[in-house]
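Chemist: The following block contains the structure, expressed as structure tokens.
The values are calculated or read from the model by the stated rules, or taken from the named source; none is laboratory data. Computed from a predicted structure; not experimentally measured. Cβ placement follows ideal geometry from the backbone for every residue including glycine, while neighbour counts extend to all protein chains displayed. Heavy atoms of the whole protein, side chains included, go into the accessibility calculation; ligands, DNA and RNA do not. Shrake-Rupley method; radii C 1.70, N 1.55, O 1.52, S 1.80 Å.
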Amino acid sequence: MPVEDAVVGAPLQPVRRPVRQREPLKPINNLVSVLGARTVGQGGLAASFSLGFPTLSARLAYGVLPRVDALAGVDSLYGMMNELRLGGRWMVLDGGPRWSLGLVAEGSRAFFLRPASVELKGARYLSGRRNWNVQPGLVGSLRMNGPRAARLFLDVRYHLSLDTEPIQRTPLGGLPPAVVSGSAFPIRFGAEIPLSEKTSYSVTVGGDIRTRPEDADFMPVASVGIVTGL
């Protein structure tokens, strides 16, 4: 058999492979927000959809003025409660793309699958909603550093609920009034994380602090979703 010539004692040369340099992330200038304080701009339109506990939600934001949006939306407790919402958002302070602070208010009408008289810990207990609801509050946004930086948001509101189907659960308590009001304090913290110039995915956590004796003192909230400009 043929024997290949070899140099005895010659050092082995390491094989050098070309190193692929990772391309830097391209900056994404995404300012489309539905959950934060930044408005969409006059004539702009944006939408969001989220899935979570206890509700799934869909929102539309339309820019009426440069710093004022009209809001419309639907919340659903997976069919057990469906809620139609209307409201507005005003960006009071504009810190450029870095931060913003706004006022938000929404009013809603909720429709329940089961009447209150046969419900114990159902849709009203989980959602905290009653027939009519008003939620004014403050929302702030902070954009992190980086080419594809997330926008953090904090949404704190006061929830006034008006129950037009009150139930007297105390024996010999007499007839309940026609309308019973209740209070709660919804708190949401999350982020809108850009995927493109107009689309982000969202993550939200928080909870409702409630004062109604028939509701949970605290109800945790969590959801994931998508936000996009239209």
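Chemist: Mind listing just one residue for me: the one in the range 65-75 that is part of a strand (DSSP E or B) and out of contact with any Gly (no Cβ under 6 Å at 6 or more places or on another chain) and, of those, most open to solvent (accessible area, probe 1.4 Å)?
Modeler: L65
Chemist: Sticking with this structure for a sec: Report those strands (runs of 3 or more DSSP E) wholly inside the range 76-159 carrying at least 2 residues which are open to solvent by 80 Å² or more (accessible area, probe 1.4 Å).
Modeler: It comes to 81-94, 99-112, 132-143.
Chemist: Within the range 209-230, work out how many residues are in a strand (DSSP E or B), open to solvent by 10 Å² or more (accessible area, probe 1.4 Å) and not basic (K, R).
Modeler: Final tally of qualifying residues: 12.
Chemist: So, V139, is that one out of contact with any Lys or Arg (no Cβ under 9 Å at 6 or more places or on another chain) and either within 19 Å of F111 (Cβ to Cβ) or of a type outside the set (S, T, Y) (or both) or not?
Modeler: no
Chemist: Can you report the number of residues in the range 173-191 which are at pLDDT 90 or above and either closer than 20 Å to P54 by Cα or loosely packed, with under 15 Cβ neighbours inside 10 Å (or both)?
Modeler: 12
Chemist: Here's another thing I want to ask about it. Which of (1) β-branched (V, I, T); (2) surrounded by fewer than 22 Cβ atoms within 10 Å (Cβ to Cβ); (3) more than 22 Å from V92 (Cβ to Cβ) is the odd one out, the single condition T55 does not satisfy?
Modeler: (2)
Chemist: Oh, and also: Counting only residues that are within 21 Å of A216 (Cα to Cα) and of a type in the set (K, R), which one in the range 117-157 is modelled with the lowest pLDDT?
Modeler: Among residues in the range 117-157 that are within 21 Å of A216 (Cα to Cα) and of a type in the set (K, R), the one modelled with the lowest pLDDT is K121.
Chemist: While we're looking at this one, here's another question. When both residues are 6+ apart or on different chains and their Cβ atoms are under 9 Å apart, which pairs have a first residue that lies in the range 109-121 and is of a type in the set (S, T, N, Q), and a second that is outside any helix (DSSP H, G or I) and surrounded by 10 or more Cβ atoms within 10 Å (Cβ to Cβ)?
Modeler: Taking only residues 6 or more apart or on different chains, the pairs are S117/E165; S117/I167.
Chemist: Which of the following residues is hydrophobic (A, V, I, L, M, F, W, C) and within 21 Å of P97 (Cα to Cα): L138, L162, L175?
Modeler: Step by step, each of L138, L162, L175 is checked, and only L138 is hydrophobic (A, V, I, L, M, F, W, C) and within 21 Å of P97 (Cα to Cα).
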